[in-house]
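Input: a single structure, listed below in structure tokens.
Every number in this text was worked out from the coordinates using simple rules, so none of it is lab data. Remember, it's a predicted structure, so these values are computed and weren't measured experimentally. Note: ideal-geometry Cβ built from the backbone for every residue, glycine included; neighbour counts use all protein chains shown.
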Ligand code: ADP
């Protein structure tokens, strides 16, 4: 039976750190569903549609399906510093309590991206900094457009 994993997140916007986790998890599982979530605790910069479109463009060539569908037996999350742990373990335990058939798997961040977050990227772009090292080109363009529109 194929193993289907789901990688959920806000991806506001997707960064090279996220893409690294998507690439590595897609080598481990038959299928990885990247689910773009609405986080009620966060006010997003990009709409869900914009975030999905940017992920689609930057995942070109990978077998990724963007759908919240049943059939996933694995939940993939990335772990950066200790600060991620508290929140992630709480999420994993809650998910396990609700859906024990789904296992949460943590991939340690690539050291190269360990400091990277969507928040830092949005902040840097807000001040007109070059973020081309941190995000795919389509996301860089989208951030510049948001800044020029005065929305960042
Ligand atoms: P959420 O709002 O669900 O935390 P994010 O888009 O910030 O959504 O992150 C989604 C997942 O990707 C989380 O598991 C997070 O820890 C992980 N992640 C974020 N940035 C990185 C990175 N630079 N390297 C590895 N994992 C990351």
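Annotations
- Helix 16-28 axis, angle to the chain major axis (alpha carbon atoms, nearest 10°): 30 degrees
- Three-way shape call for segment 1-61 based on the alpha-carbon gyration tensor, with the a/c threshold at 1.5: prolate
- Packing-based exposure ordering (other Cβ within 10 Å, fewest first) of 1, 6, 99, 75: 1, 99, 75, 6
- Average Cα contact separation per residue, the chain, under 8 Å, 6 or more apart, as relative contact order %: 29 percent
- Neighbour-count ranking [beta-carbon atoms within 10 angstrom, fewest first] of 105, 74, 36, 135: 105, 74, 36, 135
- Axis of helix 48-58 versus longest Cα principal axis of the chain: the two differ by about 90°, to the nearest ten degrees.
- Listed residues 87, 16, 95, most fluctuating in the chain (Gaussian network, C-alpha, under 10 Å): 87
- For the chain, a Gaussian network of Cα nodes joined below 10 Å ranks 97, 110, 35 by mean-square fluctuation, and the top entry is 97.
- Calculated [θ] (222 nm, deg cm²/dmol) that DSSP helices of n ≥ 4 give over the chain, each run adding -39,500 (n - 2.57): -13000 deg cm²/dmol
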